[in-house]
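Student: Pasting in a structure now, in C-alpha cells, and then I'll have a few things to ask.
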C-alpha cells in the first residue's frame, strides 16, 4: 500500500510540475524569443559548432527547379534511397532502361579525402561497378543523377542562407574555416585590391 501511495504522490508532483511549465508555441519563436526566455543550452561534441541566430522567415521561398535538359535519354528514374548525412547527400538512385528494362544504380556519397561528391555506377543489388552498360550510358545517367543531387544541395543551401541572420552567418563561416574579418564594400582597405601587388624580394611578384 505504501508503494502505491508513494507512486501516486510522485505522479501528482510530476503533474504539478508540468502545469508550472510555460508552453511556448513554435510560431512564437519565428521572429523573436519570448520575453521571459533567458537562454537556450546545447551540448556540443568534439568537432561540432553551434549556429545561433536562426530565424524561420516568411515560411515560403522561391527556388530553381531541376532542369529536365539533364535527364538521361532512354532512362527513367524510378526509385531512390537518399538522406542528407550532416548536409552531405548519401544513398542510391535507381534508373531503368526504357527499351530493355536494364537497371542501373547510381551511388551517391561524399568522399572526405577529396572533399567531393561521387556517383559510382553500381550493380543494382551488389556493391560493385555495373558491367552491362556502355560508357556513354553510364555518363548520361551519372550526369542525370548529378544534376538532380546538385539541385537538392543548392536548394538546401539556399533555404539555409534564407533563415540565417548575420550572427548565424558568422558562425557558419567560422565553422567552415572561413572565420575572417568581414569588410564592407566601401572599406578603405579594399581600395587597392585590383592594383598590382608589390614585388617580393628578388623581384618576384606576390601574385606569382
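We did not get these values from a lab; they are worked out from the coordinates using the rules stated. Just so it is clear, the structure is predicted and the values come from calculations on it, not from any experiment. With ideal geometry, Cβ positions are generated from the backbone for all residues, glycine too; neighbour counts draw on all protein chains shown.
Student: Subtract the Cα-Cα distance of residue 173 and residue 143 from 0.36 nm times their separation in residues, and report this length gain in nm to one decimal.
Tutor: Working: separation 30, 0.36 × 30 = 10.80 nm, distance 3.01 nm.
Stretched out fully, the residue 173 to residue 143 stretch lengthens by 7.8 nm.
Student: How long is the gain from residue 115 to residue 152 if the chain were fully straight, where each residue apart is worth 0.36 nm and the alpha carbon distance is subtracted? Intermediate values should be presented prior to the final figure.
Tutor: Working: separation 37, 0.36 × 37 = 13.32 nm, distance 1.77 nm.
Roughly 11.6 nm would be gained on extension.
Student: Modelling each spin label as a point 7 Å along the Cα-to-Cβ direction, I'd like the residue 128/residue 76 distance in nm, to one decimal.
Tutor: 2.9
Student: Next question. Provide the gained length on full extension for the span residue 6 to residue 161, in nm with one decimal, where the gain is 0.36 nm per separating residue minus the Cα-Cα distance.
Tutor: Details: separation 155, 0.36 × 155 = 55.80 nm, distance 5.23 nm.
Length gained between residue 6 and residue 161: 50.6 nm.
Student: Further question on the same structure: At residue 182 and residue 96, where each label point lies 7 Å from the Cα along Cα→Cβ, what is the point-to-point distance in nanometres?
Tutor: My value for the distance between the label points is 4.9 nm.
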